[in-house]
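Structure, as structure tokens:
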Amino acid sequence: MTKNVRVQYFAILREQRGLAAETVPTQAETLGDLYAELRGRHGFSLPAERLRAAVNDEFSPWTTAVGEGDLVVFIPPVAGG
């Protein structure tokens, strides 16, 4: 079943997508499925293992279910300086 999920991107993902946020229709069941779908669609260079993900403001494992209207945030590693 297709659902609409709000997605926010930070750092390199935002640069590669060219957007900070979007609403995407998806049939992904989990965070991992959603990232794999978006990575294929947008050509993201980072594998999921290098990211943290959050659903509705809570850090979540890649196996977390994604539902209609959820806010998903993908957070790449931050370089110090």
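Taken along the Cα-to-beta-carbon direction at a fixed 7 Å, the label points for residue 75 and residue 11 span 1.0 nm. Going by neighbour counts of Cβ atoms within 10 Å, the residues 26, 2 line up, fewest first, as 2, 26. Placing one equal scatterer on every Cα of the range 39-81 and applying the Debye formula, the log10 ratio I(q)/I(0) at q = 0.13, 0.21, 0.22 Å⁻¹ is -0.33, -0.79, -0.85. Give me the angle, in degrees from 0 to 90, between the Cα long axis of helix 31-42 and the longest principal axis of the Cα atoms of the chain, rounded to the nearest 10. Taking the Cα atoms of the chain, the angle to 31-42 is about 70 degrees.
Just to verify a number: FRET efficiency for residue 65 and residue 19, C-beta to C-beta distance, R0 = 30 Å, to 0.05?
Values: r = 24 Å, r/R0 = 0.81.
For residue 65 and residue 19, the calculated efficiency is 0.80.
DSSP loop GluC sites (Glu not before Pro) in the range 27-69 with at most 15 other Cβ atoms within 10 Å of their Cβ, which ones? Mind showing how you got there, number by number?
Working: sites: 29, 37, 49, 58, 68; in loops: 29, 68.
Listed in order of number, the matching sites are 29, 68.
For the chain, what relative contact order do you get, as a whole percent, if you take Cα pairs closer than 8 Å and at least 6 residues apart? Mind showing how you got there, number by number?
On the way: 133 pairs, mean separation 32.4, N = 81.
That works out to 40 percent.
Projecting the Cα positions of 59, 25, 8 onto the charge dipole of the chain (unit charges on Cβ atoms of Lys, Arg, Asp and Glu, taken about the Cα centre) puts 8 furthest along the positive direction. Computed from point charges on the beta carbon alone (+1 for Lys and Arg, -1 for Asp and Glu), the dipole magnitude for the chain about its Cα centre is near 280 Debye.
Only helical DSSP H runs with n ≥ 4 go in: add -39500 (n - 2.57) per run for the chain, normalise by residue count and round the 222 nm mean residue ellipticity to 500 deg cm²/dmol.
On the way: 2 runs with 19 residues, N = 81.
Helix-only estimate at 222 nm: -7000 deg cm²/dmol.
Every read-out reported here was derived from the displayed coordinates using simple, explicitly stated rules and does not represent laboratory data. Computed from a prediction, not measured in an experiment: that's the story for all the values here. Methodologically, a virtual Cβ is constructed for each residue, glycine included, from the backbone with ideal geometry; neighbour enumeration extends over all protein chains shown.
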